[in-house]
Amino acid sequence: MTAAALPLAAAEPVIPDFGRGSTCVRENGAFCWDWVSDHWGDTLRPALMQHLALTAIAISLGFAIAFVLALAAHRRGRLTTPVVLVTGLLYTIPSLALFQLLVPFTGLSRTTAEVALVSYTLLILFRNTLAGLAGVPEEVRDAARGMGLTQRQVLWTVELPLALPAIVAGLRIATVTVISLATVAVFVVNEGLGAPIYAGLQQTFKTELIAAGALCVALALIADGLLVLLQRVLTPWTRVARSR
């Protein structure tokens with residue numbers, strides 16, 4: 001039996017022909033900086049920007065939905081259980097299965113990816129926002145009402161500022177979660193850092209796989225750090241309390 005007749009599953013991984021690339025690239029070295037430099041503009045940077053867009057859209061939409069639901073549940077406690085049940089169910093569905101379930105309705109598109117990514121943020125953001133609001137001491141609310149503040153003013157000037165640490169903590173978890181899950185979205189839309197990661201796996205080319213994976217990790221760390229800084233800027237009183 002000739003090699004051409006062997007089943008695809010039995011064939012050896014094929015390293016792509018990189019033509020007149022460097023020795024490191026031709027030999028598929030552990031990591032080739034020159035490949036990263038040569039393909040930053042046409043492969044890695046566009047994938048990074050697409051990944052940022054996928055993440056930003058999912059977090060923005062997820063936070064908006066979860067925030068409204070949390071405010072409603074904060075005022076009407078009976079809404080908490082059904083919201084937790086629905087968002088918890090969505091959170092437990094494996095990502096590939098959820099993408100497959102959505103494809104018949106939204107096709108192989110960015111919409112499919114975003115619907116799935118948003119669904120994974122809802123439980124985290126809802127529970128953290130609600131926990132932050134519930135954690136505001138009742139005597140603080142009583143004092144605010146005693147000063148003549150309306151219910152809406154109490155919410156926006158007292159409750160939400162005090163709930164910010166819990167809300168931002170939820171945003172941090174949701175953001176890192178979406179950044180990681182967005183790599184799986186490559187199975188429905190050829191965008192984001194999942195595209196070069198998948199290409200590297202298919203071609204057994206180490207550099208593309210490692211570079212894209214490292215960018216994904218770096219993006220998660222930077223996003224988490226920026227959210228921590230945002231929390232410190234928005235809640236200066238917490239720094240004063242810790243310094244005492």
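Observations, loosely collected:
- Meets criteria (among the basic types (Lys, Arg) and under 20 Å from the mean Cα position of the chain (by Cα)) for Arg45: yes
- Filtered residues of region 54-77 (kept if hydroxyl-bearing (Ser, Thr, Tyr) and exposed (fewer than 13 other Cβ atoms within 10 Å of the Cβ)): Ser60
- Candidates Leu89, Leu96, Leu101, Leu108, filtered to the one that is of a type in the set (A, V, I, L, M, F, W, C), over 28 Å from Val136 (Cβ atoms) and outside any helix (DSSP H, G or I): Leu108
- Considering Gly41, Gly62, Gly132, Gly88, the condition of being over 18 Å from Ala174 (Cα atoms) and of a type in the set (Gly, Ala, Ser) is satisfied by Gly41 alone.
- All of (1) free of Cβ contacts under 8 Å to residues at least 40 places away in the same chain; (2) loosely packed, with under 13 Cβ neighbours inside 10 Å hold for Leu96 with one exception: (1).
- Cβ-Cβ under 6 Å pairs, at least 6 apart or on other chains, region 216-239 side under 12 Å from His51 (Cβ atoms), far side among the hydrophobic types (A, V, I, L, M, F, W, C) and assigned to a helix (DSSP H, G or I): Leu219/Ile179; Ala220/Val176; Ala220/Ile179
- Within region 103-118, the residues that satisfy the criterion of being touching a residue at least 40 places away in the same chain (Cβ under 8 Å) and not β-branched (Val, Ile, Thr) are Leu108, Ser109, Arg110, Ala113, Glu114, Ala116, Leu117.
- His74 being modelled with pLDDT under 95, touching a Leu at 6+ places or on another chain (Cβ under 6 Å) and not aliphatic (A, V, I, L, M): yes
- Close contacts from region 46-65, counting a first residue that is at pLDDT 95 or above and a second that is of a type in the set (S, T, N, Q) and part of a helix (DSSP H, G or I), with Cβ to Cβ under 7 Å and a gap of 6+ residues or different chains, come to Thr55/Thr175; Ala58/Thr121; Ile59/Thr121; Ile59/Thr175; Gly62/Thr121.
- Residues in region 128-164 that are in contact with a Ser or Thr (Cβ under 8 Å, 6 or more places away or on another chain) and under 29 Å from Gly88 (Cα atoms): Leu130, Pro161, Ala163, Leu164.
- The set of residues from region 124-136 being without any contact (Cβ under 8 Å) to a residue 40 or more places away in the chain and in a helix (DSSP H, G or I) comprises Ala131, Gly132.
- Residue selection: Ile222 fails the criterion of being part of a helix (DSSP H, G or I), touching a Phe, Trp or Tyr at 6+ places or on another chain (Cβ under 7 Å) and more than 18 Å from Ser95 (Cβ to Cβ).
- Unique match (being at pLDDT 90 or above and more than 20 Å from Ser95 (Cβ to Cβ)) among Leu229, Leu193: Leu229
- The helices (runs of 4 or more DSSP H) found entirely in region 137-209 that carry 2 or more residues being out of contact with any Asp or Glu (no Cβ under 9 Å at 6 or more places or on another chain), in contact (Cβ under 8 Å) with a residue 24 or more places away in the chain and surrounded by fewer than 18 Cβ atoms within 10 Å (Cβ to Cβ) are 160-181.
- Qualifying residue in region 170-186 (condition: of a type in the set (Lys, Arg) and more than 12 Å from the chain's Cα centre (by Cα)): no
- Qualifying positions in region 95-131 - over 20 Å from Leu52 (Cα atoms) and either touching a strand residue (DSSP E or B) at 6+ places or on another chain (Cβ under 7 Å) or basic (Lys, Arg) (or both): Arg127
The values are calculated or read from the model by the stated rules, or taken from the named source; none is laboratory data. Given the structure is predicted, the values throughout are model-derived calculations rather than measurements. Because the Cβ atoms are built from the backbone with ideal geometry, glycine has one as well, and the counts that use them run over all protein chains shown.
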